[in-house]
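Data first, discussion second: the structure below is written as structure tokens.
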Amino acid sequence: MSINTYAIRAIYRFELSRWFRTLGQSLATPVISTSLYFIVFGSAIGSRMANIDGVSYGAFIVPGLIMLSVLTESISNASFGIYMPKFTGTIYEVLSAPISMVETLLGYVGAAATKSMMLGLIILATARLFVDYHIEHPVWMVLFLMLISVTFCLFGFIIGVWADGFEKLQIVPMLIVTPLTFLGGSFYSISMLPPFWQKVALLNPVVYLVNGFRWSFYGVADVSIGLSLTMTAAFMLLCLVLLAWIFRTGYRLKV
């Protein structure tokens with residue numbers, strides 16, 4: 001069975017064009033917000049703190065802050081991208097067209113992941129204005145950024161299908177993902193915690209994402225790179241299984 005590349009390009013281009021029409025909200029806002037973190041934590045507080053694993057505090061938080069923005073924007077972009085067709089009723093045009101689940105996901109999730117990766121790279125460049133950092137494994141850094149963006153865009157797509165109101169689009173990113181990111185070692189190493197809380201922190205899936213991404217920068221992490229990749233891949237697989245069930249049953253797509 002051939003892939004409907006025309007449909008994928010149409011969805012992909014439409015989603016990107018919508019993003020470019022709202023650059024102030026889609027790009028400028030998260031970049032400015034993250035820059036404030038760099039000013040406060042990197043420059044002001046970081047200059048008074050000791051190095052962590054041989055890395056200055058300002059540089060240490062760079063991967064965590066990028067993850068904070070990428071995770072939030074991945075979920076937001078993907079969930080809003082599929083929710084709006086449901087809200088306006090144009091989802092039926094997609095469902096009635098000769099487009100498979102794979103082609104639909106490639107269009108919507110591919111566009112959302114592209115936005116998230118662009119945002120992550122722009123924040124990475126912006127961080128250079130505030131702190132000095134280096135990247136030991138640039139190829140792994142890009143691969144991790146791509147893997148995490150795609151995984152959480154899949155998760156965001158699920159949220160967009162599940163949501164039946166605009167307020168529900170913000171519940172998971174604001175009340176679950178953001179707190180887990182803050183508690184997942186974005187601003188500190190979990191080795192600094194007491195032994196009991198270190199074990200509790202390992203139950204947080206974001207710990208593996210942040211540490212895998214940080215390893216690509218400095219070659220240091222609280223968990224092994226293999227475990228980070230395994231946990232991320234497992235979450236992606238879970239999202240794909242849920243999406244296969246959603247498209248097979250039409251859950252909240254055909255209502």
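Out of segment 19-31, which residues are modelled with pLDDT of 75 or more, within 18 Å of the chain's Cα centre (by Cα) and more than 17 Å from residue 178 (Cα to Cα)?
19, 27, 28
Can you tell me which residue within segment 36-95, out of those that are touching a residue at least 24 places away in the same chain (Cβ under 8 Å) and of a type in the set (S, T, N, Q), is surrounded by the most Cβ atoms within 10 Å (Cβ to Cβ)?
Looking at the filtered set, the residue picked out is 74.
Out of curiosity, is residue 201 surrounded by 13 or more Cβ atoms within 10 Å (Cβ to Cβ), hydrophobic (A, V, I, L, M, F, W, C) and within 21 Å of residue 58 (Cβ to Cβ)?
No; evaluated as a whole, the condition is false for this residue.
Looking at (1) of a type in the set (A, V, I, L, M, F, W, C); (2) within 18 Å of residue 14 (Cα to Cα); (3) out of contact with any Phe, Trp or Tyr (no Cβ under 9 Å at 6 or more places or on another chain); (4) modelled with pLDDT of 95 or more, can you tell me which one residue 97 breaks?
Only one criterion in (1) of a type in the set (A, V, I, L, M, F, W, C); (2) within 18 Å of residue 14 (Cα to Cα); (3) out of contact with any Phe, Trp or Tyr (no Cβ under 9 Å at 6 or more places or on another chain); (4) modelled with pLDDT of 95 or more is unmet by residue 97, namely (4).
Does segment 98-109 include one or more residues that are among the polar types (S, T, N, Q), buried (at least 19 other Cβ atoms within 10 Å of the Cβ) and touching a Cys at 6+ places or on another chain (Cβ under 9 Å)?
no
Just a yes or no: is a residue in segment 177-189 in contact with a Gly (Cβ under 9 Å, 6 or more places away or on another chain), modelled with pLDDT of 85 or more and of a type in the set (Val, Ile, Thr)?
Yes, the conditions are met somewhere in segment 177-189.
Restricting the search to segment 181-190, which residues are part of a helix (DSSP H, G or I), of a type outside the set (Phe, Trp, Tyr) and in contact (Cβ under 8 Å) with a residue 40 or more places away in the chain?
Answer for segment 181-190, where residues must be part of a helix (DSSP H, G or I), of a type outside the set (Phe, Trp, Tyr) and in contact (Cβ under 8 Å) with a residue 40 or more places away in the chain: just 181.
Which of the residues belonging to segment 155-180 are out of contact with any Phe, Trp or Tyr (no Cβ under 9 Å at 6 or more places or on another chain), hydrophobic (A, V, I, L, M, F, W, C) and touching a residue at least 60 places away in the same chain (Cβ under 8 Å)?
Correct list: 158 only.
If we scan segment 94-108, do we find a residue that is under 21 Å from the mean Cα position of the chain (by Cα), in a helix (DSSP H, G or I) and under 30 Å from residue 218 (Cβ atoms)?
no
The values are calculated or read from the model by the stated rules, or taken from the named source; none is laboratory data. Since the model is a prediction, treat every value here as computed from it, not as a measurement. Don't worry about glycine lacking a Cβ; one is built from the backbone with ideal geometry, like all the others, and counts go over all protein chains shown.
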